[in-house]
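See below for the structure under consideration.
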Amino acid sequence: MISTPHVDWFALSAPLALLAASGLLLMVAVFVPRRGRTAAAAFTGFAGFVTAFVFAIVLAVKSPHAQTLIHDTMFRDRWAALAQVLIAGSGAVAVLLSVGERWSEEHMAEYYALLTAAGAGMTFFVEASSLLTLFLGLEWFSIGLYVLTAIDIDLIGSLEAGLKYLVVGAVGSATLLFGSALVYGRTGQLSFDRIGAAGHGHDAMLVVGLAMIIAGLAFKSSAAPFHMWTPDAYQGAPTPVTSFMASATKIAALVVTYRVLSTAFPHDQSLWRWTIAGIACASLAWGNIGALVQRNVKRILAYSSISHAGFMLIAVAAANQLGARALQYYLIPYAAMSLGAFAVVAARERELGVPVTLSNLAGFGWERPFLGVAMWTFMLGFLGFPLTGGFIGKFYVFAAAYDHGFWWLIVVGVVATMVSAYYYLGIVRAMYFRERADLTLAPSGGSPPRELVLSAGVGICLVVTVGSFFAVQPLIDAAKAAAHVLPL
Amino acid sequence: MTFDSWLTTILILVPMGGALLVAIAPLPGYWLGSLAALCSLVEVGFWITAAGRFQFGDPSLQLAQHASWFSDLHVSWHVGQFAFSLWLVGMTAVVMAACTIYGWWVGRTRPRLYFALMLFLSGAIVGVFTAQDLLLFYAFFEAMLIPLYLLIGVWGGAGRMRATLTFVVYTVVGSLLMLAAIVVYGLHEHTFDLMQLPQRSSTWLFLGFVIAFAIKAPLFPFHGWLPDAYRESPPEVSAVLSGVISKVGLYGLLRIAIPKFPSVAHDWRYVLLVLASISLIYGSLLAFRAPDFRGVVMYSSLAQSGLIVLGLFAFNDLGFDGAVLQMVNHALVSAALFLLAGMIERRTSTGELRLLGGMARGRPILATLVLTTGIISLAVPLSTSFAGEFLILAGVFQQHWAWAVVGAVGIVLAAMYMLRAISAVLHQDVGSAVPETALDVRAGELAVVAPLVLCLVALSAWPNLISGHAFGAGHARQQVETGLTFPVGWTGYVPLGTTK
């Protein structure tokens, strides 16, 4: 008779809610008649994410003290719960963006099942407190995303993107696994706390393991030089999937990176601090320079997401309470802006039926004023302009870097922001400054589809982007409560 | 909470709220314009109320409001006005109202976005002039760029793409340098409140601020964005750029760069004075050679920025008082001239001086307006510009007589370029681009420009209204050099060199 550990089911409520939704969706795929299937599937997926969202908020409120569960394999604390709130929120918005997708109506239920399953994996991943659950969570959501990337087989480039993401992602996972094995071999421990307690600085094997874990996680947060898959996968995947990858995957990967590094490797802090700072600089440089020459809007946004990974890694490199707070805050407007920007791209894509480039965005701002203004706000938010949370986020990141004395990272960040002005404002320029006459490719006739659900999703993103500028205090308080969990 | 403490906030929120209202109000285009015009007039009304409630004898911050924004980094919504900020806000309200109403009168296309942006821009500018928290100041400073980018890019002339690109590149570079300086300064002192930030002697921080402000002003050699932006914008946006936006840079020098870094500013004064002199002479020469009317006005603003910086870095009462007066003068003058340039361009579809001429005959109102404004701008004695420039020259003379010589040369050049432009437009033979049927200034246009000119005439009668009431109880120098903080029980002057 094996003694089973006590399980705090409530701590796992968010992944469980999403798993339940996923299971329900598979039933929907079979039992609901074809006519109402798409609507039922979308509703179930949305309900799943909203339930997880609510559970995560309740969990955050009810977990004032951090604790570990199930033989130190899972954390129940606010750091994870806040990330779960963001992931579930991103997922819910991603469902809203998916509703209008035309492709493969009969597979819509399976699509949502995969989306919720990937969401479940991410919410599980952020709670991980041992190398085993870490790897389990990573693979769980990654496999979901591999399939989602390639799900629209009629779309040119989708299969290629899926394959590329699969191959590169598998290398990333393998690297992480190998690194974990080295760390386990050295310390004999799996849980982060005990690795931290057992390890000591300047141990070659541990350092190699640490480097491989950082590399494995950086693949997921698409930080340079582990970003190669990002532009192709973002471009090839169906746009709602891209939006989910850009927001939720990044949230999960960065939050876990901060936790693993600070909890399991406190002895090598100065080492990983400089490594992360280097990765941040590389991401900022590569992301921004790469974006300058792109014409495809999804690719521009993909490079932009690489550069934002760089910004958020500055907060990680700072390795202080302010940095942890900055990361959790930054993720809120960042997730909203990414989702919103890809949503607007999706709307244009459905209207034209071809990939969205800078030249066929011409006149978009005048044709669809709400989406135009929203896109413009998201671009300014990415750029870090006031009246969006992006401004406060960058400010906090710089503050964290300064607090640690990494003032040169501020300089790098400022230069990167200057460069990024070119392509973010380039999108605004494409939407507003050119007339429809410049548009060589006419929409197929009639007024564009109204897409109320997508507009609602964009509206939510807009409210979060602008609202996070005004309501800094409550959001920072939440981020502060979450950051206290980390031993910094 | 009294009405007084809300007044500054109201001055910011009225145009911002108006912008939101215009953006969503279900009205046809013409009504949107009238709604925006109404908002801008309400703003002027609130400013008059504020001026009436202002205690000009009191050098401390007035009409102030303070509320925490996020506490862990000590950032707050702190707005309020000194006497000189009050005048700059008034100037903003008046010029923005004139420009908004002009935009309504000429019937700009896509009115919803146009008027929303114009109102948003006025709110942001008032915010810059009244923000007493560095981060808030920066937020408003950056927020100005967004409407300007679109106003130039959407409603500008044929070369607007290039114009917006250079404008954005220059501005973003400057403002991000300032952001870095703000982060370092504020975090080091554990507050971003301008009323509490102590004075520092860091050259790097000083330069971070000064470059941002020098780009905005603009000052030689940071004026590369100016020709394209001023020429390609719609005339009322050029008026805003040259009249109001450029004052933001000069205000920044007066409110932040000099008071917070007095010893560094003192050490670097020769650099700034030299750059200001070059701007003045070089701008005047370019204005003299400019082929079009807008070119003359635009390079004259470069020259005037130089002159005002001369006044600021004279570091004495006369210089500071004169600089504030001249900021208001130049805002009114250049706004009026750009709007007049717009009116001339509407009639002749060109601004090129060689194609213009003889417009005075049969167009008495246009001739009167151009001549009056032009004469005031070249600082003829008894005009308010004369008072301002005289104060600046007298102030900078105390630094060294050579600077005053430069200033005097600049004033002579101003007479040359301005008279050349006036004569080329109004007099001489009738230009090939001037149709016989070109109308005189219409009632609507007169209603836009006349208030600006009347303000100038009134100030000419009583320039002391501003120069004598810009720094509370006088002693501008000691107020600026003590950091413009005025804690309770403030007694006075700490000589230079003894501050930190």
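Just so you know, all these numbers are worked out from the coordinates, no wet-lab data involved. What you see is a predicted model, and the numbers here were worked out from it, not measured in a lab. Using ideal geometry, Cβ is built from the backbone for each residue, glycine included, and neighbour counts are taken over all protein chains shown.
Tabulated results
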read-out	value
Rounded if a/c under 1.5, otherwise prolate or oblate - segment B:1-108, Cα gyration tensor axes	oblate
Rel. contact order, % - alpha carbon contacts under 8 angstrom, at least six apart, chain A	16
Shape call, the protein assembly as shown: gyration tensor on alpha carbons, a/c limit 1.5	prolate
Cβ neighbours within 10 Å from other chains - mean over A:404-416	2
Between segment A:361-433 and segment A:54-119, the Cα center-to-center distance that results, in Å	27
With Cα atoms, 0 to 90° folded angle of helix A:297-318 axis to chain A main axis	30
For residues of B:175-188, the mean tally of beta carbons on other chains within 10 Å	5
Stokes-Einstein D (µm²/s) once Rh is taken as the Kirkwood radius of segment B:270-469 over alpha-carbon pairs, at 10 °C in 1.306 mPa s	94
Number of partner chain Cβ atoms within 10 Å, mean per residue of B:70-81	3
Peptides A:285-292, B:358-365, B:118-125 ordered by average Cβ neighbours within 10 Å, highest first	B:118-125, A:285-292, B:358-365
Inter-label distance for A:HIS202 and A:HIS71, nm, one decimal - labels placed 7 Å from Cα along Cα-to-Cβ	3.6
Top positive-direction residue, dipole computed over segment B:107-192 with Cβ charges, set B:PHE141, B:VAL154, B:VAL128	B:VAL154
Given charges at beta-carbon only (K, R positive; D, E negative), |dipole| of the protein assembly as shown in Debye	800
Radius 15 Å from Cβ of B:ARG420, net charge of other residues (Lys, Arg +1; Asp, Glu -1)	+1
Per-peptide average of other Cβ atoms within 10 Å, ordering B:295-303, A:316-324 highest first	B:295-303, A:316-324
Shape call, segment B:93-136: gyration tensor on alpha carbons, a/c limit 1.5	oblate
Reach of B:LYS247 by Cα under 20 Å, taken over lysines that are not fewer than 8 positions away in the same chain	B:LYS216, B:LYS260
C-alpha long axis of helix A:250-264 to longest principal axis of chain A, angle in °	10
Signed unit charges on C-beta, dipole axis of the protein assembly as shown, positive-most listed residue A:LEU24, A:HIS200, A:GLY365	A:GLY365
Ranked packing of B:20-27, B:154-161, most packed first, by mean Cβ within 10 Å	B:154-161, B:20-27
